[in-house]
Each structure stands twice: as C-alpha cells, then as structure tokens.
Amino acid sequence: MALARTYSVALIGITGHVVEVEADIANGLPAMIMVGLPDTALREARDRIRAAIVNSGEKWPPHKITVGLSPASLPKRGSWFDLSIAVGLLAAAGQVPRVALDGVMFFGELGLDGRLRPVRGVLPAVAAAAERGFRRVIVAEANAAEAALVPDVQVVAASTLAAALDWLCDTPGLRGGRPAAEWKGSQDLHGEILPNGPDTSGQVHSVPARSGCGLPGTAAPATATAPDLAELLGQSLARRGAEVCAAGGHHLSLLGPPGAGKTMLAERIPTILPRLDTAAALEVTSIHSVAGTLPEHVPLLTDPPFLAPHHTATKAAIVGGGSGIIRPGSASLAHRGVLFLDEAPEFARDVLDALRQPLEAGEVVVARSGVTARFPARFTLILAANPCPCARAAGPAEGCSCSPTTRRRYLARISGPLLDRVDVKIELEPVGRTELLNDRNFAESSQTVALRVLQARERAAHRLRGSPWRLNAEVPGSELRRTWPPTPGSLRVVERSLERGQISARGVVKVIRVAWTIADLAGRPRPTRDDCDMALGLWLGVRR
Amino acid sequence: MRAKDILGKSGEQAAAEYLEASGLRILDRNWRCADGEIDIVAVERHALVVCEVKSRSGMRYGSPLEAVSRAKRARLRRLAVQWLNAHGVRFDQVRIDVVGLVYEGTGGFTIEHIRGVG
C-alpha cells in the first residue's frame with residue numbers, strides 16, 4: 001500500500017553507522033512486525049511507538065505494518081530508533097509528507113505520552129550523519145546543545161513527537177505544545193565550537209562558563225575551594241615528576257607511605273593539564289556521551305577527564321565491554337586525561353594487565369558476537385601504591401612489621417610488564433616536620449606549573465607539527481631515533497644501563513621521550529646529557 | 001438480548017449483505033460445532049471462504065480487526081477443516097477472511113473486508 005523511509009544511526013562503540021528505517025503499510029490484519037536484528041529494547045518500541053502516536057493525537061494505521069532496519073546484519077540496540085520509526089510509519093500512512101523526510105536524521109526515544117526523550121551518544125551519531133551528508137537532525141531538547149557541536153548541521157530540538165511532526169509538516173503549533181526550535185552548530189574565531197542559541201526563539205542559550213578561568217588556555221581553577229598544587233607539602237621530586245608527566249603525557253607511578261600525599265598529588269594533576277583542543281574535546285565528549293556520563297548542561301567537555309576507579313573495579317569496567325550495548329570503560333573515559341589507580345596492588349591482577357594493550361595501542365578493542373567496538377584510550381596512567389600491606393609509615397625505624405618477602409609479594413601484584421610501561425616512577429618520603437611547617441610559602445601553585453606545562457606542550461606540538469602526534473609520549477621509538485635523537489653522547493649512561501640489564505629496549509625509548517619533555521619544560525632545543533640522566537633516574541625510580 | 005448481541009447480529013447481517021454484494025456466494029451462517037462457531041461460510045470462485053465477523057460500536061477499544069488474535073485465526077483454520085469434513089466436500093483453496101464493522105449510528109456500519117489473513 002505505502003512505503004516510507006527515514007534514517008537514524010546505530011552506534012558501535014563510538015562509531016556511528018547510518019541505518020535506513022523502512023516502514024511499509026500493507027493490507028492485512030492490524031499488526032506491527034519489526035525486522036533487521038533488533039534487540040529486546042527495540043522490539044518493545046512497537047508498543048511504545050503505538051502509545052506515543054495515539055497520545056499525540058495521530059491516527060494509528062489499522063493495517064499490517066512492517067518496519068525494516070537495514071543493514072540487517074548490524075545489531076541494533078536501544079530505544080533511539082523510536083522517533084525514526086514513528087515518523088516513518090506516519091509518513092507511510094500519509095500523515096506526514098514524504099518529501100519532508102529528505103536528508104533528515106532522527107534520534108530519540110519516545111515516551112508513552114509522545115514526549116521525546118534524550119538518548120546517549122548523540123554527538124557521535126550526529127557526527128556520523130553529517131559525514132554521510134545529512135544536514136538536518138531532529139533530537140530531544142535535552143540533546144540539542146550536544147548535537148549542535150557538530151558543524152554545518154541544522155539541529156531541530158523537539159519536546160514531543162507532535163512538535164517534530166509540526167516541524168516536518170511546516171505547521172508550527174497545529175498539534176499543540178511548544179514548537180520545535182532550530183539550532184545551528186557553528187565555530188567561533190578561536191576554533192572553539194560553541195552552539196548558538198535556537199534561531200527562532202531569541203532566547204540566549206549560552207554554554208555555561210567553565211568553573212575555572214585562571215590562565216587563558218589552562219585548566220587552573222580560580223575558585224578557592226578547588227584543589228591546588230600549592231596545598232601539597234614538600235615532595236619536590238614528586239611534584240617534578242607530576243609536572244613532567246603532565247607536560248609529556250607520560251605514565252607515572254607513586255610509591256610511598258600513607259599520608260605522604262600520593263592521592264593528593266594525583267588529584268591535582270588535572271589542575272596543571274591544559275584544556276583540550278577542539279578535536280580532542282569532541283573525541284572525549286563523544287566517549288562520555290556514549291557512556292552517559294556527560295554532566296547536565298555541559299555539552300562539550302573541555303577539561304581533561306580524571307578517572308579514579310575503585311580497586312574493586314572489574315575488567316569490563318576498566319577497559320570497556322558489557323553485554324548488549326558495549327560501553328566504554330574507565331580507560332576510554334580517561335582518554336586525553338588521567339586514569340588514576342589508587343592502591344594499585346589491590347586491583348585484580350588481570351584488570352591491571354588488561355591495561356597493557358591500551359597503554360601501547362592508545363585504543364581499546366572490544367569484540368562481541370557480530371561486532372567489534374573500538375574506543376580510543378590514550379590516557380595518562382597514574383599508579384599509587386603503599387610500599388607494604390601493613391601500611392604503617394615505613395620511614396627509618398618506624399613500625400612496619402612486614403617481612404621483605406611480604407613487601408615484595410605485595411608490590412609484585414603490579415606486574416613487571418605493566419611497570420615497564422610506566423615512564424616515571426617516584427618514591428615519596430613521609431612529610432617531615434620542617435616541610436609541614438615551612439614549605440607552605442614556597443610551594444608553587446597549580447597556575448604557575450600549568451603555565452610551564454602549557455609552554456612545554458606548545459614546544460612539543462611545534463616540533464611535532466605535520467606529524468600525527470601531539471605529545472612526546474605518543475611518538476614511536478623508530479621515529480624518535482630517526483628524526484629527533486637527543487644530543488650526541490648524551491645517552492652514555494642510559495646505554496650503560498641497557499648493557500647492565502637495568503633497562504629494557506622499550507625503557508630506553510621511554511627515557512628518550514621523557515628526556516625530550518624535560519628539555520621542553522626547560523626550553524632547551526634538544527635533550528642534553530643531564531636531561532637524559534634525569535629521565536633515566538625517573539624511569540628507574542627506586543626498586544624494591 | 002443484550003446490546004452487544006444485537007450489535008453482533010446486525011453486524012453479521014450487514015457483513016453477509018456486503019459479501020454477497022461483492023460477489024461471494026454464502027453457503028452457511030453461524031455454523032456450530034464442539035470447537036466453536038463459524039460466522040459465515042462462503043465461496044469466491046474456487047475458494048472456500050471462512051469468514052469471521054467482528055462488530056464494534058466505536059473505535060474506543062481500537063479497530064475491530066485488531067481483536068482477531070493469532071489464537072482466533074488458528075481456531076478458524078481448525079473450524080474450516082471441520083466444516084469441510086462435516087459436509088464431505090473439497091475445495092482447491094481454503095481462505096480465512098475477516099470482516100470488521102464499526103457502528104456509525106442510524107443503523108449504518110463502516111465495513112472493512114480483509115482477505116486471506118492466514
């Protein structure tokens with residue numbers, strides 16, 4: 001009898017695949033059949049859509065309805081096809097003109113009352129649609145700001161199915177309710193994407209100001225309650241290590257007695273990291289959008305993420321996975337930011353070792369029957385550990401009762417291969433009395449350190465311009481040797497360590513990377529012998 | 001007689017007239033056996049048509065056609081076989097049809113006839 005087509009997107013990981021939704025109305029007993037590998041939630045759409053259509057004052061076609069989702073081989077999950085199915089069905093029934101559907105993408109879950117509900121993963125879905133040439137998207141109001149981050153796409157924010165239909169039929173207000181608002185994604189002069197307010201309503205929908213605006217281009221928070229590096233007492237070596245890691249994207253391990261400031265330092269590392277650039281912000285926001293962890297009213301994440309999973313976390317929680325919809329894990333949520341594993345030896349060993357592959361590859365690949373999801377996972381790993389399980393201060397002559405075997409076993413829970421991938425290993429000493437009382441005045445604030453980190457990153461980015469890498473930690477070893485070797489002769493001590501077996505070949509590459517970062521921080525054009533020796537010292541740390 | 005039965009009766013009458021007008025020859029009406037009742041048995045060309053009639057006084061509870069469930073259709077198939085056996089006849093084709101009627105006031109119905117519902 002009649003056929004209509006609409007389009008939506010199926011997400012596999014953070015990759016969107018355009019899905020064609022066909023609705024066919026044929027003679028026969030009233031029924032609705034859905035084909036094309038829908039999961040349970042999508043099968044339930046049948047009843048949801050019917051209630052939504054009827055409660056929106058539209059007529060439910062009393063015929064045999066077949067809805068096909070293609071490509072049929074792609075597993076389709078969740079409720080975000082609701083809107084596309086409902087509109088397609090009404091178009092097939094002749095209640096919406098079919099020409100209005102040209103180049104429009106639909107994304108939203110319907111409530112039984114016809115309300116349009118927000119869904120996860122709008123940003124990557126709209127981006128995928130834009131790539132395939134779709135220029136208009138209809139989404140729920142709460143998703144509009146996120147969808148408008150994609151440039152050159154007209155976003156229509158509808159509160160209800162009726163509003164969406166009114167917009168399609170060009171009959172604003174006919175079906176009652178608030179009419180749909182049109183947004184237009186755009187880029188401002190600084191290359192920063194800010195969604196404009198809706199074109200029609202004249203209301204100002206501005207992106208909420210960031211909590212911190214200390215330095216231009218840094219993440220230093222200005223509020224008094226925000227953590228600041230100045231609060232950390234003593235630990236000058238650990239501060240230095242954190243600064244190096246922040247500047248070069250290197251991984252860090254902190255070993256020290258309780259109360260020395262491991263957690264405190266790790267939590268303050270985000271305050272010295274620069275803000276994300278546009279591309280990175282979109283990437284990070286996409287991941288968080290799929291995970292459903294975007295904070296409300298903040299469409300674009302511009303601060304580097306900081307993830308501190310509890311040590312009881314499972315492998316799926318850290319690297320991603322889960323049955324049904326594959327969700328990104330902490331490692332991916334920490335993409336372009338910091339993954340902090342406090343009490344690292346308490347983590348299950350297989351969880352820690354599952355991080356080895358993403359640490360090398362910069363992405364997590366989760367395979368499930370029929371689909372393989374890829375999540376970017378280029379994070380800075382920070383491990384913190386007590387030197388022994390008794391966790392009593394282990395300074396000179398204090399009461400640690402652990403035998404050497406116990407201590408070795410405890411730290412051996414962090415496997416060698418994982419530790420081999422950690423560039424900077426710092427041992428923290430307990431804070432002394434003098435530091436506690438005097439150091440306060442000399443501790444650098446996050447703002448000061450953040451500026452140095454920013455400058456070092458700019459130097460590295462300038463050197464690496466034209467290459468796919470942005471941070472020293474990302475440059476592969478072969479490229480490092482060929483294009484950016486340190487000053488001749490400066491690697492003498494490092495080479496000797498290699499000969500003695502103190503350091504692996506991978507370790508040498510890591511030392512050179514860290515040496516570059518140290519040189520960048522100091523403003524030197526090339527790492528000197530001192531830089532390389534310092535990097536070696538940081539890499540070796542103190543082994544127990 | 002209760003109101004719903006009066007509606008059903010007049011609906012069946014209207015359906016029979018409608019089917020005859022559209023060229024079906026009616027063989028039997030309200031044929032009963034132990035398993036249930038066939039509203040209308042008719043012939044269209046070489047096919048035996050077992051017809052279920054559903055009447056509604058309005059659309060408040062949805063279209064009358066929706067009330068013909070999968071189980072109902074399965075029962076109609078069984079009844080068709082029983083009718084054929086009881087009468088000792090054979091047909092090239094046996095079909096199940098549904099006629100839905102919605103009462104529109106002043107004795108009129110809107111009629112929808114769906115052929116071959118399985």
Note to self: Can you tell me how many residues within segment A:316-369 are of a type outside the set (A, V, I, L, M, F, W, C) and part of a helix (DSSP H, G or I)?
What the structure shows: 11
Checklist line | Residues being in contact with a helix residue (DSSP H, G or I) (Cβ under 6 Å, 6 or more places away or on another chain) and over 19 Å from residue A:135 (Cα atoms) - total across segment A:148-177 | finding: 6
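State the number of residues belonging to segment A:42-64 that are touching a Phe, Trp or Tyr at 6+ places or on another chain (Cβ under 7 Å) and within 14 Å of chain B (Cβ to nearest Cβ). Show your work before the answer.
Quick first cut of segment A:42-64, residues touching a Phe, Trp or Tyr at 6+ places or on another chain (Cβ under 7 Å) only: A:42, A:45, A:50, A:53-54.
Now drop any that are not within 14 Å of chain B (Cβ to nearest Cβ), which leaves A:50, A:53-54.
Of the residues in that region, 3 qualify.
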Next item on the list: State the number of residues belonging to segment B:74-90 that are in contact with a strand residue (DSSP E or B) (Cβ under 6 Å, 6 or more places away or on another chain) and within 14 Å of chain A (Cβ to nearest Cβ).
Entry: 1
Check: In this structure, does residue A:164 turn out to be at pLDDT below 90 and of a type in the set (A, V, I, L, M)?
Finding: no
Next item on the list: Specify the residue that is modelled with the highest pLDDT; the eligible residues are those in segment A:494-521 that are surrounded by 14 or more Cβ atoms within 10 Å (Cβ to Cβ) and farther than 17 Å from residue A:480 by Cβ.
Entry: A:521
Notebook entry, point to check: Going by the structure shown, is residue A:467 assigned to a loop (DSSP other than H, G, I, E, B) and either on the phi < 0 side of the Ramachandran plot or touching a helix residue (DSSP H, G or I) at 6+ places or on another chain (Cβ under 7 Å) (or both)?
Noted result: yes
Next item on the list: Can you work out which of the residues in segment B:91-105 that are among the charged types (D, E, K, R) and buried (at least 17 other Cβ atoms within 10 Å of the Cβ) is farthest from the other protein chains (Cβ to nearest Cβ)?
Entry: B:95
Check: Just one of the numbered conditions (1) within 14 Å of chain B (Cβ to nearest Cβ); (2) in contact (Cβ under 8 Å) with a residue 12 or more places away in the chain is not true of residue A:78; which one?
Finding: (1)
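Pick out the one residue from B:57, B:69 that is in contact (Cβ under 8 Å) with a residue 40 or more places away in the chain, of a type in the set (Ser, Thr, Tyr) and either more than 10 Å from every other protein chain (Cβ to nearest Cβ) or surrounded by fewer than 19 Cβ atoms within 10 Å (Cβ to Cβ) (or both). So that I can check it myself, show each step before the final result.
Values: B:69 fails: in contact (Cβ under 8 Å) with a residue 40 or more places away in the chain.
Criteria check complete, one pass: B:57.
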Next item on the list: Those residues that are of a type in the set (Lys, Arg) and within 13 Å of residue A:69 (Cβ to Cβ), I need them from segment A:21-58; list them, please.
Entry: A:43, A:46
Next item on the list: Could you tell me whether residue B:12 is modelled with pLDDT of 90 or more, of a type in the set (Asp, Glu) and out of contact with any His (no Cβ under 9 Å at 6 or more places or on another chain)?
Entry: yes
Notebook entry, point to check: Would you call residue A:33 outside the structural domain of residue A:285 (by TED's automatic domain parsing), more than 27 Å from residue A:176 (Cβ to Cβ), in contact (Cβ under 8 Å) with a residue 24 or more places away in the chain and not in a helix (DSSP H, G or I)?
Noted result: yes
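I'd like the full set of residues that are of a type in the set (Val, Ile, Thr), within 14 Å of another protein chain (Cβ to nearest Cβ) and surrounded by fewer than 15 Cβ atoms within 10 Å (Cβ to Cβ), limited to segment A:15-41.
To start, the set of residues in segment A:15-41 that are of a type in the set (Val, Ile, Thr) comprises A:15, A:18-19, A:21, A:25, A:33, A:35, A:40.
Still in the list and also within 14 Å of another protein chain (Cβ to nearest Cβ): A:25, A:33.
The answer is A:33, and nothing else.
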Next item on the list: Say whether the condition of being surrounded by 18 or more Cβ atoms within 10 Å (Cβ to Cβ), of a type outside the set (Ser, Thr, Tyr) and within 13 Å of chain A (Cβ to nearest Cβ) is met by at least one residue in segment B:45-52.
Entry: yes
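The values are calculated or read from the model by the stated rules, or taken from the named source; none is laboratory data. Treat the numbers as computed from the prediction; the structure is a model and nothing was measured. Neighbour counts are summed over all protein chains in view; Cβ atoms, including those assigned to glycine, are modelled from backbone coordinates with ideal geometry.
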